[in-house]
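Below: one structure, written as structure tokens.
The values are calculated or read from the model by the stated rules, or taken from the named source; none is laboratory data. These numbers were taken from a predicted model, which means no experiment stands behind them. Every residue, glycine as well, gets a Cβ built from its backbone with ideal geometry; the counts of neighbours run over all protein chains shown. The protein model used for the area step is the full one, side chains on, heavy atoms only, and it has no ligands, DNA or RNA in it. Shrake-Rupley method; radii C 1.70, N 1.55, O 1.52, S 1.80 Å.
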Amino acid sequence: PGERRYIKINNRVLSERVDIFGGHIRIGSGDWLFPVDSSLYDNSTIIQNLTIPTAERVRYIVFLRDPMERYVSGHLYQNKVKNKGQSLNQIVDRIKKSLVDSAASHSYFTKSFSYLLTPSQEMESKRLDKGRLMEETMKLLPEDEAKQLQQQSSSAFMAETNAKMAIQNLVHYNAVIGMTERMTESMAILKHILLQNSVESVREAVEGVFRKFTPEPVTEKVENNVNALNSSQTNRSDSPNGGYKANVSKGGLTTSAVMDELLKDKETMEIFREFLKYEQILTDFAWNMHMLQYEATLDFYPPPRLDS
């Protein structure tokens with residue numbers, strides 16, 4: 001056989017041959033792969049809106065997790081070599097120290113912004129003079145709000161600015177939102193999006209995939225899930241989560257075990273909440289968006305009635 005020839009990958013090849021992209025990809029990347037017809041917009045509109053929505057051709061699927069559990073889980077994973085042979089208390093102490101260090105440097109956890117800011121927004125963010133941006137923003141605000149902003153650190157100001165942009169992007173691109181703590185509901189949303197207009201043979205083949213990742217059928221009290229919209233203080237970590245299961249490390253240590261220890265220390269939890277402040281604002285908005293999307297699927301896939 002002759003030498004195997006590989007196709008050179010570029011935007012054109014991807015847009016013509018690929019239907020689904022997965023992985024750590026920035027929201028808005030589809031604007032580059034499936035650009036809008038510029039003839040439909042005048043030049044000023046394109047300049048003012050660098051990322052014109054392409055939702056009719058590209059749908060973004062975003063999964064998020066409770067920020068506290070995400071941070072702890074990430075810390076355990078990234079330090080799995082250091083954690084070997086260490087006790088639960090030693091690991092908890094190290095996490096506490098990392099939180100204290102973050103507070104001392106006025107830094108914030110903003111991991112989701114790495115994927116929920118568009119490529120254009122990320123490039124602009126790196127070029128910004130953050131101090132000057134704060135000054136210009138204060139000029140536009142009422143006096144009391146300007147004074148309040150003046151007390152903020154530049155890192156807090158940028159974290160808040162990026163959180164607002166990320167939230168705007170979720171709406172702008174009409175993103176499909178999945179929540180790790182609500183895997184049953186998340187699978188119901190994906191099933192609706194992916195199978196709504198599919199042929200019967202495809203539907204039957206894909207049903208098995210959804211059964212695998214949704215081991216518990218949607219038979220729980222749906223009204224309780226939907227009513228979570230009315231409670232901004234919902235403790236998502238303690239809520240029923242269908243097919244979601246906590247990951248267990250090889251040493252038997254779980255994120256939940258670490259969280260239980262951290263929750264006992266009120267001072268640490270205050271620091272933790274401040275550290276996650278802007279990530280939490282984003283996640284709370286996404287949570288409500290997720291629940292509204294799930295509620296909408298009930299018109300198409302009403303859950304089975306529960307026996308009284």
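Using the Karplus relation 6.51 cos²θ - 1.76 cosθ + 1.60 with θ = phi - 60°, the per-residue 3J(HN,Hα) values for segment 268-282 come to 5, 5, 5, 5, 4, 5, 5, 4, 9, 3, 7, 5, 5, 4, 5 Hz, with x marking Gly and Pro. As a calculated quantity, the FRET efficiency between ARG94 and ARG59 at R0 = 35 Å, using C-beta atoms, amounts to about 0.30.
Measuring only protein heavy atoms, the 1.4 Å probe finds ASP284 accessible over about 50 Å². Surface analysis of segment 74-129 yields an accessible area of 62 Å² per residue, using protein heavy atoms and a 1.4 Å probe. Compared with the direct C-alpha span, the chain from HIS24 to ARG211 gains 64.8 nm at full extension, assuming 0.36 nm per residue. Surface listing: SER112, SER98 arranged by accessible area from highest to lowest gives SER98, SER112, probe 1.4 Å.
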